[in-house]
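A quick write-up on the structure given underneath.
The values are calculated or read from the model by the stated rules, or taken from the named source; none is laboratory data. What you are looking at is a predicted structure, and each value in this text was computed from that prediction instead of being measured. Every residue, glycine among them, receives a Cβ derived from its backbone with ideal geometry; neighbour counts consider all protein chains shown.
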Amino acid sequence: MEVPELIGQILFLSASVVVGLLINRLIRLDVTLSCLAAGVLAGLSLPWLGLDTGIRASNIQDLVFYVILPVLIFDAAWHIKPGVLKRWLTPILLLSTVGMIVSTLVVATILYYAIGSPQGFPWIAALLAGAILAATDPIAVVSSLKRFNAPEDLTTLVEGESLFNDASALVLFAAILGFAVSSETQLDQNYLGLFALTFFGGLALGAVLGLGAATLVLLLANSAGSNIILIFSAFSSFYIAEHFFHVSGIMSLVATAMVLRTLLKEHEQQFLGGVVVTWEWLGAFFNALIFVLMGLVITFEMFTDQWLAIAIAIPAALIGRALAVFSCGAVTRPLPRPVPMGWQYILVWGGLRGAIAVVLVLSLPVSLPYWWTVQSMVFGVVLLSLLVQGTTTGGLIRKHRGNAD
């Protein structure tokens, strides 16, 4: 690809993001929906303008996985306060591991038996859809939590559960996808061991990279250098983990961000003055960009040809999320910090599917015969999350934001 062509594509996508932000400003539509609408409008205007972005469902995987995803995950991990996270770490880990697996299996089971097409929609397709729909996006909910002055503990629980949930779902998704695209018909006997190695190996590598990055920040001892190192760390920790050590790039990102935040806490005012502003606009831009991309690749045929699959996926996602949260909530009752029932309601209804689900479904290889069905289902669930759950969660937060059951 020629450099001028690449620059033109970047400018077109950036302009679409700006249009989305203008729509948000003018008609007060949620920013994710505004950017989705901007992406749809951009896609419709391309033939009229005689332009071609070169963006296709078949070539978008590397963009979302190696450029957008690192920023979204690093930004989410950076903003969680380690002290508050530690208080809720046990429920968060329970929800993001056991809960994520429960959600995946419940959704996959419902989809497989409801669709009833072993040839066109096999178990592996149902599991892929289940893993994608297990990933939640807290952005809209967290903004509502802050608007209604919810307790910091509740906000941390929602953000932390979503972050670790996303990381676990991404690892599971990668494992299932690897099996789906392979020619093997039997699972490797060491499958669970490899999964654990990928997961915890990513954490270990990220901790080491975070330590190294923190050392560089202290050596440079200036705000501009700190910004450069943090941005470099976000992209490099994912790339190094995936390409050189073959462990989870997502877990590496999470560990890198949290180690950096912890080690540099005492130097935040001295060296990290501009970091908050930098990650605020980076996170906002890339979160908006993923919904612009969704608008560009979405087709109306998805909702006409795949309406039944979408209609099945929507309640399946809600049922899977509810069973995951309530079962894990019951397990936390004897713990020192159980999850209050009111907060469980917020976790269920506020478990929106957003940017991470879109990133994952856009990374599906088009060589899979069922990729379009899975993509249609995920897009349908994401739209429902944004249109219905995202706009009605505020009342639930107002009612159950206290600590009492």
Restricting attention to region 205-231, report how many residues are of a type in the set (Gly, Ala, Ser) and more than 21 Å from residue 276 (Cβ to Cβ). 3
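Out of all the residues in region 20-31, is one or more modelled with pLDDT of 85 or more, closer than 15 Å to residue 294 by Cα and surrounded by 13 or more Cβ atoms within 10 Å (Cβ to Cβ)? Before you say what the answer is, go through the steps one by one.
Filtering region 20-31 down to residues modelled with pLDDT of 85 or more leaves 20-27.
When the remaining residues are screened for being closer than 15 Å to residue 294 by Cα, the result is 20.
From the residues that got through so far, the ones that are surrounded by 13 or more Cβ atoms within 10 Å (Cβ to Cβ) too are 20.
Checking region 20-31: at least one residue is modelled with pLDDT of 85 or more, closer than 15 Å to residue 294 by Cα and surrounded by 13 or more Cβ atoms within 10 Å (Cβ to Cβ).
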Result of the Cβ filter at 6 Å on region 21-40, keeping first residues that are aromatic (Phe, Trp, Tyr) and partners that are surrounded by 15 or more Cβ atoms within 10 Å (Cβ to Cβ), at least 6 apart or interchain, is none
Restricting attention to helices (runs of 4 or more DSSP H) lying wholly within region 216-296, give those where 2 or more residues are exposed (fewer than 15 other Cβ atoms within 10 Å of the Cβ). 223-240, 268-271
What about residue 171, is it at pLDDT below 80, crowded, with 21+ Cβ neighbours inside 10 Å and either assigned to a helix (DSSP H, G or I) or touching a strand residue (DSSP E or B) at 6+ places or on another chain (Cβ under 7 Å) (or both)? no
